[in-house]
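Below is one structure, written out as structure tokens; the observations come after it.
What follows is calculated from the coordinates using simple rules that are stated; it is not laboratory data. These numbers were taken from a predicted model, which means no experiment stands behind them. Backbone-built Cβ (ideal geometry, glycine too); neighbour counts: all protein chains shown.
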Amino acid sequence: MAKILLVEDDPLMLRMYQKIFTLENYEVEVATNGEEALEKLRAEVKPNLILMDIMMPKMNGLEALDKIKANPNTQSIPVVMLTNLAGQQDAETALLKGAVKYIIKSEYEPKQIVDMIKEILAGYTRNEVPQPGNQSQ
């Protein structure tokens, strides 16, 4: 089962995405800001993917992304930015810093976002040998 670290400060969005990914058989860890996300990563939470908002208190998503990509223990974890910031510059900055995708929340239904995350995870896990009885659809 793939594990997703969901980093989102909006409680409604956090619960909604946590529920959707759990229903899709993902293990979901949550953090409400960049600092908390880094603490979880230091505490040996090893997600297969990090789904992170940009605008958050304490430490925003771009600052957290810098720290994740600078750490040899976490730099290989794919990070997807999920935000309402629609600026082209924000997207370019996130991608240059190492994010694998930049998704604007308001442009997609939650199910479409889940499908995008599944595709990204499939790309990152296709070299792994599937375990019997553990094939995903």
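Pull up the cross-link candidates among the aspartates and glutamates for Lys97, meaning alpha carbon to alpha carbon under 18 Å and not fewer than 8 places away within one chain.
Cα-Cα hits under 18 Å: Glu35, Asp53, Glu63, Asp66.
Express the relative contact order of the chain as a whole percentage, based on alpha carbon pairs under 8 Å and six or more residues apart in sequence.
20
Tilt of helix 110-125 relative to the longest C-alpha principal axis of the chain, in degrees (0 to 90, nearest 10)?
The angle comes out near 70 degrees.
222 nm [θ] for the chain, helices only, -39500 (n - 2.57) per DSSP H run of 4+, per residue, to 500?
Helix contribution divided over all residues of the chain: -12500 deg cm²/dmol.
For Ile77, which sequence-distant residues (separation of 5 or more, or a different chain) have an amide H within less than 5 Å of its own amide H, given hydrogens modelled in the peptide plane?
none
Listed highest first by mean packing, meaning other Cβ atoms within 10 Å per residue, what order do 46-54, 92-100 come in?
On the way: 46-54: 22.7, 92-100: 15.9.
Answer by packing, highest mean first, reads 46-54, 92-100.
For helix 61-70, what angle does its Cα long axis make with the longest principal axis of the chain, in degrees from 0 to 90 and rounded to 10?
Roughly 60 degrees, rounded to the nearest 10.
Output the pairs from Lys3/Lys111; Lys58/Lys118; Lys58/Lys111 with a Cα-Cα distance over 26 Å in this structure; if there are none, say none.
Correct reply: Lys58/Lys118; Lys58/Lys111.
Using amide H atoms built in the peptide plane, which far-off residues or other-chain residues are under 5 Å from Val30 H to H?
Placed amide hydrogens put Leu6 under 5 Å from Val30.
What FRET efficiency, computed as 1/(1 + (r/R0)^6) with R0 = 35 Å and r the Cβ-Cβ distance, is obtained for Glu24 and Asn84, rounded to the nearest 0.05?
So the FRET efficiency works out to roughly 0.95.
For segment 1-38 and segment 58-112, compute the distance between their C-alpha centroids and round to whole Å.
14
Let me test this: with uniform point scatterers at the alpha carbons of the chain, what is the Debye-based log₁₀ I(q)/I(0) at q = 0.12, 0.19, 0.20, 0.21 1/Å?
Normalising to I(0) and taking log10 leaves -0.43, -1.13, -1.26, -1.39.
Projected onto the charge dipole of the chain (+1 at Lys/Arg Cβ, -1 at Asp/Glu Cβ, origin at the Cα centre), which of Gly98, Leu38, Asn25 gives the Cα projection farthest towards the positive end?
Selected residue: Asn25.
Glu27: net charge of surrounding residues, Cβ under 15 Å, Lys/Arg +1, Asp/Glu -1, itself excluded? Please report the intermediate quantities before stating the final value.
Values: positive: Lys3, Lys19, Lys40, Lys46, Lys118; negative: Glu24, Glu29, Glu44.
Once all neighbours under 15 Å are counted, the net charge is +2.
Could you run the Karplus curve 6.51 cos²θ - 1.76 cosθ + 1.60 with θ = phi - 60° over segment 46-58 and give me ³J(HN,Hα) per residue in whole Hz, x for Gly and Pro?
Using θ = phi - 60°, the values come out as 10, x, 7, 7, 10, 10, 10, 6, 9, 7, 9, x, 6 Hz.
With no solvent and one point on each alpha carbon, what is the Debye value of log10 I(q)/I(0) for segment 1-76 at q = 0.19 Å⁻¹?
-0.72
Taking the Cα centre of the chain as origin and charging only Cβ (+1 Lys, Arg; -1 Asp, Glu), how large is the dipole, in debye to the nearest 20?
The calculated dipole for the chain is roughly 300 debye.
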